[in-house]
1. If you consider only alpha-carbon coordinates, what radius of gyration and Dmax does the range 145-234 have, in Å?
2. What is the list of residues in the range 131-172 whose amide nitrogen lies under 17 Å from a point 7 angstrom out from the Cα of T13, following Cα to Cβ?
3. Could you provide, to the nearest whole Å², the per residue accessible area of the range 175-259 with probe 1.4 Å?
4. What do the square roots of 5 times the Cα gyration tensor eigenvalues come to for the range 298-345, in whole Å, largest first, as semi-axes of the equivalent ellipsoid?
5. For Cα pairs less than 8 Å apart in space and 6+ apart in sequence, what is the mean separation divided by the residue count of the range 6-174, i.e. the relative contact order in percent?
6. For the residue pair E294 and D80, what label-to-label distance in nm results when each label sits 7 Å from Cα along the Cα-to-beta-carbon direction?
7. How do L301, L49 stack up against each other in accessible area, from largest to smallest, with a 1.4 angstrom probe?
8. Could you sort R402, R226, R28 by accessible area so the largest value comes first, with the probe set to 1.4 Å?
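The values are calculated or read from the model by the stated rules, or taken from the named source; none is laboratory data. It should be emphasised that the depicted structure is a prediction, and the values quoted were computed from it without experimental measurement. Here the Cβ is made from the backbone with ideal geometry for all residues, glycine too, and neighbour counts use every protein chain on show. Accessible surface areas use protein heavy atoms only, side chains included; no ligands, DNA or RNA. Shrake-Rupley method; radii C 1.70, N 1.55, O 1.52, S 1.80 Å.
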Amino acid sequence: MSDAEIGLIGLGTMGAALALNIADNGYRIAVWNRTAARTQEFHDEAGDLAPRITPTQTLKELVAAIAPPRAIILMVPAGDPVDQQIAALRPLLDADDLIIDAGNALFHDTNRRMRAADGPFLGIGVSGGEEGARFGPAIMGGGARAHWDRVAPILEAISAKFCDTPCATWMGEEGAGHFVKAVHNGIEYADMQMIAEAYGIMRDSMGMSYDEIGATFAKWNTGPLRSYLIEISAEVAAAKDTATGKPLLEMIVDAAGQKGTGRWTAIEAQHLAAPIPAIEAAVVARNLSSRLAERASGEALFGKGPQPIAPETLSLAQLERALIAGKVLCYAQGFGMIAAASDSYGWSLPLPDIARNWRAGCIIRSAMLDDMAKALGEDPKRNLMFAPSFASHMHDTQQSLRDVVAAGALSGNSLPALSSGLAYFDAMRTARGTADMIQGQRDFFGRHGFARFDTDGKGHHGPWDDDT
Ligand code: 6PG
């Protein structure tokens, strides 16, 4: 029976959740997995949704089960598996059948696949983890608009909604959807890192218990910091280990994993010359965290890093305000990078729509995003922290960010994201910087030339002796 409205390949955690979400929204879906046993198990466990799901044993059967013109979602690991899956699937398809890569692909790969595709192809970023995939993710689409429009009704139906508006948006041609997803993940890394830095200060320098830290995050989640990441941090901090009864965080090894999306964002930012120091610092922090033995040697040699902070020096209210400033700076950097890519790749990325798309479903959803969408709608080219509502946040919080970074430096807390966020803020509010010295040095040793305030042209030189 060729009556399925869409197909899906790859029944891992995300693929299975997405397939159930599609069936739950009333669509008939055919599914296939590399291992047939998993397909059967998935169907057996689908409960009431099973009648809308057609399990198939071969790719040929999958294709035959879908009504043409077909659309098939790939939910396989990023990289070679996607190329292999496309190579196996494409020969079985009709010319107008659409393949949709919904994994966390590197956008350069999506660009390449789109150019090489001998049929319609979309690359979509899906955010929200397993829960989001099952009940409403944020979806960032890239590829030909006409191909997006073919599947938009299904993608909008399964996506998260913010006040009834679907969080499923076409971002632009080629790999634009996967690019926006990568920047989303970069912001995710920086936001998570700043929260972890605040946790470190509370744990190591303010002497707070895990329960107190959890309660503090829960309280912050009722104010300007309200967001999914603060909400889950409250739960993580308060969680108890079922095996030992101890706080769960005491049992978790302090070495952060990464699949690579944050690193891709940092590398791409360098190509674009887009300054995203807080995001880069968060990637660096994950890399540092994995050097467990080296860090232990460092502690043995130099003494334990974080020391207590005198209670009168720093309050939880200051820490909260520092995180508010940090959050604004993370997003300002992320949106700045998107604006740079939009110009560089000619994609016309819709910045206000991106902020709107992130208001629900995705990992970085936060109360601030609605205001960000408004600010970017007024002027997408303006640095987000210069928009009146965010400038006002920065006026109110920048002193606290300064106090936290200073207290962290004096007490030996490593705060890479918060301190680089502050350095970015200070750089961006300094009209007369110090790069005149860099230009002087460059001209001194390499006659690279410099621009002058009082004359046109860039090729001016200093009075260096020829033999220096
Ligand atoms: C999301 C997440 C999700 C996942 C990534 C990043 O938006 O749902 O970003 O895509 O968390 O795989 O994970 P790493 O932390 O392993 O890079």
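1. Cα only, the range 145-234: 18.3, 57 Å (Rg, Dmax).
2. Only 131-138 pass the distance filter.
3. Details: 3590 Å² over 85 residues.
Ligands and nucleic acids excluded, the result is 42 Å² per residue.
4. Numbers: eigenvalues 257, 77, 4 Å².
Sorted largest first and rounded, they come to 36, 20, 4 Å.
5. The normalised contact order for the range 6-174 reaches 20 percent.
6. Those two pseudo-labels are separated by 2.8 nm.
7. Working: L301 130, L49 20 Å².
My answer, sorted largest first, is L301, L49.
8. On the way: R402 60, R226 130, R28 95 Å².
These residues rank, largest area first, as R226, R28, R402.
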